[in-house]
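The values are calculated or read from the model by the stated rules, or taken from the named source; none is laboratory data. On a predicted model such as this, the values are computed, not experimentally measured, just so you know. Neighbour counts run over all protein chains shown; Cβ positions are idealised from the backbone, glycine included. All accessible areas refer to the heavy atoms of the entire protein, side chains included, with ligands and DNA or RNA removed. Shrake-Rupley method; radii C 1.70, N 1.55, O 1.52, S 1.80 Å.
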Amino acid sequence: MVSLIPGKTLIKFDEQFPVYNWLYPMKGQDLDTTSHKELYGSLDVSGIRGRALYFHIPFCETICTFCTLNRGLGAEGDEAIERYVQALIKEIQIKSRYASVTSLPITAIFFGGGTPTTLTAGQIRRIGQAIHDHFDLSALEEFTFEMEVKSITEEKCEAMRDIGLNKARFGLQTFDPQYRELFNITATLDQTYAAAEMLRRHFDYTSFDIIYGLHGQTVERFTRDVQQALDMGTDTIEFYPITNLVTQASLHHGYVRAGLEPLSFMQKMSLTMYLNEYVRAAGWQQHNGHGYLRLPDGEAPTTEPFITRRYTNVYNKFFWAYHDVDLMGFGNSAVSQSGEYTVMNDENRATYTKRLLDDGDFKINVTVADGVPYEKGIVFHLPYFGRLDKSRIEWDRIPSEITDRLGRLAAEGLIVEDAGEYRITELGWIWYVNMMYYLSPESDQRILDDFVALKSRVKGITDGERGMALPLAPVGSDAGSMGGGAPWASSF
């Protein structure tokens, strides 16, 4: 178990939570016999005030060893990709028949994978046209594609821009040649620099991912990665501590061959704190738990509020959100969440595609929670986005166990409160993932515990020591406890 440590100390938990991304709520009853007609035909969205769309493109030219998401090999022009595009458009057409799916204007759209830029320019335009034909985009704020730099072309950028894209995000991960080889990243850095320049010409925002806390990574190696990332010239950067439990064993076999030992979670936390100081000194500021925004020249980062309000990832406000917004997913294995319902499309790409093209139908797996997760904004939005609008919470519906923990976090200086909101402090930001777990109901925590226990038994996966250094919580402390894990977790 992991305990909250009271008192004047930087080490607020005696163990670091090992997973960074999961769905909420996780508990509920499986509705095995429910079809999309039964679900979406009766879904009550009267309490929903905002919606995002997700489109899953499950193809990659090469498979990165840190990624365990639903994807397979595929290259531009493959017949399998064309058939999948036809199926995806068919799903859009089918779902658009339900008022529950189309009655709300769309605020954010995200294409993930896999690698959405394995699509041709023509395929991008066809999917984009289907979206415009069937959804109200009058309130659209953010339209994002995830990209792999080898597959980015001027023609595709023009197609993406023409369908409304305003944010490009590509996976860089690391500049270090040894780690790039271990990750099976086949793009060259010259291709990466050229792609970044191309994206800046076409889109309002460009961003990329950097992974750190890698086996054997020293402060010196990390510093080189950070500085090269800052020099890329993009508007934002996402820095993710690697989640070893949800990476592939092949990556860890590579670590072993290279003689690289896993970092402890104390070492990872030290890198996170060092990153914070380094990046803020260079004129950047956090915009969420792991993302940084380049500030205008002459503007210094603030400490109150610690998280900037100048910019946010709009799509993430629906994934790690309040209870009164929802997400609709399209494509095989895509997840939708609305109210108490969590829906996953057919995880098998072949059967998803065949059933849509042959029968005009698709399978869904549905879980219904005990009720609407009114506490979701407390559990996710506050730690991740750094603030909680009190008016968005129906406080009379919040379990007392959660409000009690919120009070403990405030007492320990991890959050501050005023009349209108709660805000995360710098100390709280260091522990934001632990806070998401700590604020979850005990029933959800048990599911997370079981997941981590299961993943910890995967042969070949090596993780560092999770326990933190002294001081330890006093014997008999009533500070509260938590454990580690996360189903539906994704490694970054």
Looking at (1) in the same structural domain as T102 (by the TED database); (2) over 30 Å from S250 (Cβ atoms), which one does L10 not meet, given that it meets all the others? (1)
Selection status of T206, hydroxyl-bearing (S, T, Y), touching a helix residue (DSSP H, G or I) at 6+ places or on another chain (Cβ under 8 Å) and either crowded, with 23+ Cβ neighbours inside 10 Å or not in a helix (DSSP H, G or I) (or both): yes
Pick out the one residue from Y193, Y179 that is more than 30 Å from E38 (Cβ to Cβ), among the hydroxyl-bearing types (S, T, Y) and out of contact with any Lys or Arg (no Cβ under 9 Å at 6 or more places or on another chain). Y193
Within segment 91-142, restricting to residues that are in a helix (DSSP H, G or I) and charged (D, E, K, R), the one that is nearest to G164 (Cα to Cα) is R125
In the list G164, G213, G233, which residue meets the criterion of being modelled with pLDDT under 95 and on the phi > 0 side of the Ramachandran plot? G233
Of the residues that make up segment 17-26, is at least one modelled with pLDDT of 90 or more, open to solvent by 50 Å² or more (accessible area, probe 1.4 Å) and assigned to a loop (DSSP other than H, G, I, E, B)? no
Tell me which residues, restricted to segment 143-157, are of a type in the set (S, T, Y) and not in a loop (DSSP other than H, G, I, E, B). T144, S151
Select from segment 27-51 the residues that are over 21 Å from the mean Cα position of the chain (by Cα) and not in a loop (DSSP other than H, G, I, E, B) and list them in ascending order. Q29, D30, L31, H36, K37, E38, L39, Y40, G41, S42
Checking D370 against (1) in contact (Cβ under 8 Å) with a residue 60 or more places away in the chain; (2) part of a loop (DSSP other than H, G, I, E, B); (3) open to solvent by less than 50 Å² (accessible area, probe 1.4 Å), which test does it fail? (3)
What residue, of N276, N288, is assigned by the TED database to the domain that holds T65, assigned to a helix (DSSP H, G or I) and surrounded by 14 or more Cβ atoms within 10 Å (Cβ to Cβ)? N276
Being under 12 Å from I94 (Cα atoms) and of a type in the set (F, W, Y) is the filter here, so list the residues in segment 348-371 that pass it. F362
Given the criterion out of contact with any Cys (no Cβ under 6 Å at 6 or more places or on another chain), at pLDDT 95 or above, under 30 Å from I211 (Cα atoms) and assigned by the TED database to the domain that holds Y255, identify the matching residue among I127, I109. I109
Tally up the residues in segment 1-15 that are open to solvent by 20 Å² or more (accessible area, probe 1.4 Å) and part of a loop (DSSP other than H, G, I, E, B), please. 7
Suppose the filter is assigned by the TED database to the domain that holds E82, open to solvent by 20 Å² or more (accessible area, probe 1.4 Å) and closer than 28 Å to D209 by Cβ; does E142 pass it? no
P116 vs. criteria open to solvent by less than 20 Å² (accessible area, probe 1.4 Å), within 26 Å of the chain's Cα centre (by Cα) and under 22 Å from E142 (Cα atoms): yes
